[in-house]
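Trainee: Below: one structure in structure tokens.
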């Protein structure tokens, strides 16, 4: 196994590994350390069944079944399909929300978010669909001392209703889904338990305010942090190839994708896992009661 930085960014490609094979504990520990350190790992030229995907990712954390069960694989509950394609009956095989065009962090609407994520590219258009990751540790390091002091103990309010409004189906939130996703609070600044580096924790698609601040003040601060954190100097752009596997830590990065022509097929398989707060930056969250 070899690692090499991608485009002089924080993301690293892992070379000389076939993920469908059994990996020894020394290799897995090397991957765990690299993931904690870099936040985004890329594996190219992979050919994996859904069972093999689940088995590989289970080495990093407990598999999580997300709230959008309508996007689930028929074979593996842990796998969801991110796609604009339809089956032989004309039904969508997965979900492809337009909210993916905006910078976001997965499961930020949950009180205890599962922060590990993986995408596997199965079919892709010839143009468009590039995915970007922004490093929130680097973004925090580049903040002014005044801003760091201002946000040190602030919490942002997250609401899944805002996230849901960006999805292509635009369906109203069902009572059952709303019960699973009440508004929550996350700190704006988190600390990595291994490196002790501080990081922003933000999600522009789901944050609706700052606890204890006026609507205007909260919106202005969140907009400032989001614009700052997604500057090109903090961003890795991933140009997909079929067979790519990318895994990332939502405690360290934001991500988004570019548009692609709606008539061209795009299909990825997605996994989520629950990372240990002893080894990864997982926000210390709590329910939002309101004022």
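Trainee: Could you look through segment 112-122, keep only residues that are surrounded by fewer than 22 Cβ atoms within 10 Å (Cβ to Cβ) and modelled with pLDDT under 95, and pick out the one that is farthest from the chain's Cα centre (by Cα)?
Mentor: The qualifying residue farthest from the chain's Cα centre (by Cα) is 112.
Trainee: Go through segment 103-168 and tell me which strands (runs of 3 or more DSSP E), entirely inside it, have 3 or more residues that are on the phi > 0 side of the Ramachandran plot and touching a helix residue (DSSP H, G or I) at 6+ places or on another chain (Cβ under 7 Å).
Mentor: Output list is empty.
Trainee: Filter segment 189-217 down to residues that are outside any loop (DSSP other than H, G, I, E, B) and either in contact (Cβ under 8 Å) with a residue 60 or more places away in the chain or under 19 Å from the mean Cα position of the chain (by Cα) (or both), then give me how many there are.
Mentor: So the answer is 8.
Here's the yes/no breakdown for (1) assigned to a strand (DSSP E or B); (2) at pLDDT 95 or above; (3) at negative phi:
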{"residue": "222", "(1), (2), (3)": "no, yes, yes"}
{"residue": "240", "(1), (2), (3)": "no, yes, yes"}
{"residue": "247", "(1), (2), (3)": "yes, yes, yes"}
{"residue": "255", "(1), (2), (3)": "yes, yes, yes"}
{"residue": "260", "(1), (2), (3)": "no, no, yes"}
{"residue": "265", "(1), (2), (3)": "no, no, yes"}
{"residue": "283", "(1), (2), (3)": "no, no, yes"}
{"residue": "289", "(1), (2), (3)": "no, no, yes"}
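Trainee: Residue under question is residue 76, and the condition is that it be touching a residue at least 12 places away in the same chain (Cβ under 8 Å) and within 22 Å of residue 239 (Cα to Cα); does it hold?
Mentor: no
Trainee: Let me ask something additional. Among the candidates 228, 279, single out the residue that is in contact with a helix residue (DSSP H, G or I) (Cβ under 8 Å, 6 or more places away or on another chain), crowded, with 16+ Cβ neighbours inside 10 Å, in a loop (DSSP other than H, G, I, E, B) and in contact (Cβ under 8 Å) with a residue 60 or more places away in the chain.
Mentor: 279
Trainee: Still on this structure: Determine if segment 16-33 includes at least one residue that is more than 30 Å from residue 198 (Cβ to Cβ), touching a residue at least 40 places away in the same chain (Cβ under 8 Å) and in contact with a helix residue (DSSP H, G or I) (Cβ under 7 Å, 6 or more places away or on another chain).
Mentor: Scanning segment 16-33 turns up at least one residue that is more than 30 Å from residue 198 (Cβ to Cβ), touching a residue at least 40 places away in the same chain (Cβ under 8 Å) and in contact with a helix residue (DSSP H, G or I) (Cβ under 7 Å, 6 or more places away or on another chain).
Trainee: Got a number for residues in segment 124-152 being within 18 Å of residue 108 (Cα to Cα) and surrounded by fewer than 15 Cβ atoms within 10 Å (Cβ to Cβ)?
Mentor: 0
The values are calculated or read from the model by the stated rules, or taken from the named source; none is laboratory data. Computed from a predicted structure; not experimentally measured. Heads up, the Cβs are rebuilt from the backbone with ideal geometry, glycines too, and the neighbour counts pull from every protein chain shown.
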